[in-house]
Amino acid sequence: MNIAFLSSLNPRDIHNWSGTLYYMYHHLEKDHRLTWTGWQQYEEAIKFHRENFGEDPPFSPEKYAQLFGKMLTDLFHYEYYDLIICRDYFFLAYLTTDIPVVYIGDTTCRLFNQYLKIADSPKLDLAEKLEERSTQKATHIVYASEWAKNSAINHYHATPEKISVIEFGANIDNIPEYTDHDCISVCNLLFIGKNWEMKGGNKTIEIFYSVKKKGIPCTLTIIGSTPTQIPKDTDIVVYPYIDKSSSEGQKLFEQILSQSHYLIAPTLFDCFGIIYCEASAYGIPVLTTDVGGISQAVHNGYNGFLFTADTPASEYADKIIDLYMNKDMYTNLRRECRKHFETRLNWNVWKKRMNDLLISIKEREEGTYIPVYVINIKEREERRKHIVREFEGKSEFEFHLVEACTHSKGTIGLWNSITKVIKMAKEREDDVIVICEDDHFFTENYSSGLLFKEIQEAYMQGAELLSGGIGGFGQAVPVGYHRYWVDWFWNTQFIVIYSSAFDTILSYEFQENDTADGVLSKIIHNKMVIYPFISEQKDFGYSDVTLGNMEYPGKIREFFTRTNAKFKMIRTIQELSVLEYCIKYTL
């Protein structure tokens with residue numbers, strides 16, 4: 001599917017949102033065509049704010065939600081997608097589109113405030129208002145936990161049936177090979193977190209010393225924090241920062257986890273906890289607090305243990321010592337951790353569940369089809385195999401392979417084939433058809449939703465012909481967000497013909513010097529083209545129609561390259577005008 005990934009943060013940057021966006025985008029990209037959108041509109045809003053207000057008050061995206069709504073509404077008219085995956089509520093709140101939107105997150109504003117005690121009430125009120133609008137507007141919502149799902153239902157009145165819970169995965173590229181620890185002589189504890197206070201760093205120190213006082217050899221590795229007041233101890237190692245995006249940092253991180261026996265996380269707040277997924281990948285039991293959405297990632301007694309927020313450090317230590325003294329119990333717990341990683345806490349599982357959801361949403365949007373008549377000379381087996389492959393799996397088409405009419409002059413043969421198809425369509429009482437030559441191929445811009453939308457809107461404007469892509473034209477006038485009226489065109493590899501043009505085509509007396517595209521350009525007055533092109537012409541190195549195309553290898557591709565560049569220039573001017581309008585009349 002062609003999917004817009006709507007996010008103010010760059011999903012290709014592994015440092016954003018603890019790497020979660022990166023892994024979402026990376027895994028969905030394996031099965032879909034993804035485009036990161038929203039960044040340009042976000043940067044335009046920041047630029048406008050700084051030019052007019054400086055840093056007083058600081059930029060707040062929530063205050064530009066209506067502008068984002070206007071800009072993105074126009075964007076999604078210009079750029080058609082099968083689906084939109086949206087991360088930011090301030091993008092979605094005022095967005096108006098027919099494209100299905102999946103809103104994705106790990107918490108709600110209400111939950112976030114309950115734990116962080118945000119003092120700015122007006123800002124919080126605005127954020128909650130926008131998020132409530134977003135949950136109502138979304139076609140479907142995906143949260144990482146039941147905790148977040150219940151908040152959306154109870155606080156924002158979201159429909160339960162349109163919310164799915166799909167757990168995030170471990171942000172690791174190299175899945176570790178699992179092995180049991182034969183003998184644990186030293187108990188290696190691990191703490192990971194940037195916010196030392198909120199993540200329970202001080203309690204972790206207490207837990208560490210509680211274990212040591214019981215006579216258990218113990219070490220503590222701290223990653224991500226720079227605590228200022230911790231005892232000097234050779235058994236405590238601090239890594240203020242490990243860059244997992246570098247090979248050296250990744251290697252160090254993997255080495256530390258492979259040698260750790262427990263992840264200690266007595267946190268005050270966590271929406272889900274990617275690190276718990278990573279710990280499970282290494283078979284590391286987690287000892288953490290039952291707050292936020294943690295219980296979705298850590299199942300008590302299976303891949304870790306959950307404690308109340310006021311549980312003293314000594315109880316954590318007792319659990320560690322009990323497991324340390326019982327090798328079989330610890331080994332079984334490690335195996336259970338790994339099982340949870342393999343069955344639910346990895347991005348491949350997330351991707352499969354997301355794909356199933358996206359497909360079901362898309363299928364609900366579809367259900368119509370259009371007849372397509374594909375012209376093929378019987379002897380051109382290579383072309384026939386090519387065109388059959390192009391339409392495989394595309395249930396939106398009723399596929400008809402039509403044997404081409406042959407003639408010593410290829411242009412006449414093609415015209416006779418076109419009229420043959422028109423007669424077939426009239427007999428079947430088709431209202432609209434696609435005539436397709438066997439050298440057509442779908443571009444990456446194709447989607448059934450876009451095609452049907454343009455067919456319908458072009459019909460409303462009185463179009464008689466709509467092309468999926470052309471190799472040349474004279475003048476073009478935008479008549480829709482993806483649709484242009486043209487004065488003439490080259491290439492007929494994929495054309496939609498409306499029944500209003502059937503008799504006009506059949507009544508024309510084709511001349512020896514005519515070409516099919518030239519005649520259609522002349523006799524059909526209201527002709528349009530979809531841009532970006534959903535269809536182009538494959539160059540087989542020979543032509544059954546135009547001898548000139550055989551004399552210059554690559555000429556067909558050159559036509560389409562030039563035409564694409566020409567349309568791109570027209571489109572750029574058009575988009576700049578819309579962007580200026582949005583900023584001028586929305587703010």
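The values are calculated or read from the model by the stated rules, or taken from the named source; none is laboratory data. Worth saying up front: this structure is predicted, and the values here are computed from it rather than measured. Cβ placement follows ideal geometry from the backbone for every residue including glycine, while neighbour counts extend to all protein chains displayed.
Couple of notes before you dig in:
- Single unsatisfied condition, Lys423 versus (1) in a helix (DSSP H, G or I); (2) modelled with pLDDT under 95: (2)
- The one condition from (1) modelled with pLDDT under 95; (2) farther than 26 Å from Trp350 by Cα; (3) under 29 Å from the mean Cα position of the chain (by Cα) that Lys129 does not meet is (1).
- Matching option when the condition is modelled with pLDDT of 80 or more and either among the charged types (D, E, K, R) or over 28 Å from the mean Cα position of the chain (by Cα) (or both), among Glu551, Glu580, Glu512: Glu512
- Helices (runs of 4 or more DSSP H) wholly inside the range 310-406 that include at least 1 residues being assigned by TED's automatic domain parsing to the domain that holds Lys213, touching a Cys at 6+ places or on another chain (Cβ under 6 Å) and under 30 Å from Met198 (Cβ atoms): 313-325
- All positions within the range 160-182 that are out of contact with any Phe, Trp or Tyr (no Cβ under 9 Å at 6 or more places or on another chain) and within 18 Å of Leu111 (Cα to Cα): Pro160
- Only one entry in Glu51, Glu62, Glu55 is of a type in the set (Asp, Glu), in contact with a Leu (Cβ under 9 Å, 6 or more places away or on another chain) and either surrounded by 14 or more Cβ atoms within 10 Å (Cβ to Cβ) or in the same structural domain as Ala93 (by TED's automatic domain parsing) (or both), namely Glu62.
- Taking the numbered list (1) under 21 Å from Phe441 (Cβ atoms); (2) surrounded by fewer than 17 Cβ atoms within 10 Å (Cβ to Cβ); (3) over 37 Å from the mean Cα position of the chain (by Cα) in turn, Glu382 passes all entries but (3).
- Here Lys522, Lys453 are screened, and the one residue that is over 30 Å from Gly413 (Cβ atoms) and either in the same structural domain as Tyr373 (by TED's automatic domain parsing) or touching a residue at least 40 places away in the same chain (Cβ under 8 Å) (or both) is Lys453.
To keep it simple, each residue is scored yes or no on (1) within 30 Å of Ile275 (Cβ to Cβ); (2) in contact with a helix residue (DSSP H, G or I) (Cβ under 7 Å, 6 or more places away or on another chain); (3) surrounded by fewer than 24 Cβ atoms within 10 Å (Cβ to Cβ).
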{"position": "Phe112", "(1), (2), (3)": "yes, no, yes"}
{"position": "Glu132", "(1), (2), (3)": "no, yes, yes"}
{"position": "Thr139", "(1), (2), (3)": "no, yes, yes"}
{"position": "Ser151", "(1), (2), (3)": "yes, yes, yes"}
{"position": "His155", "(1), (2), (3)": "yes, yes, yes"}
{"position": "Glu161", "(1), (2), (3)": "no, no, yes"}
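- Note on the range 332-360: among residues that are under 14 Å from Gly283 (Cβ atoms) and charged (D, E, K, R), the one that is surrounded by the fewest Cβ atoms within 10 Å (Cβ to Cβ) is Arg335.
- Of the criteria (1) assigned by TED's automatic domain parsing to the domain that holds Cys277; (2) surrounded by 20 or more Cβ atoms within 10 Å (Cβ to Cβ); (3) within 38 Å of the chain's Cα centre (by Cα); (4) β-branched (Val, Ile, Thr), which one Val211 fails: (3)
- Across the range 299-312, not a single residue is classified as of a type in the set (A, V, I, L, M, F, W, C) and buried (at least 24 other Cβ atoms within 10 Å of the Cβ).
- Unmet criterion (only one of (1) surrounded by fewer than 16 Cβ atoms within 10 Å (Cβ to Cβ); (2) not in a helix (DSSP H, G or I); (3) not hydrophobic (A, V, I, L, M, F, W, C)) for Asp430: (1)
- Selection status of Thr107, assigned to a loop (DSSP other than H, G, I, E, B), modelled with pLDDT of 90 or more and in contact with a Gly (Cβ under 9 Å, 6 or more places away or on another chain): yes
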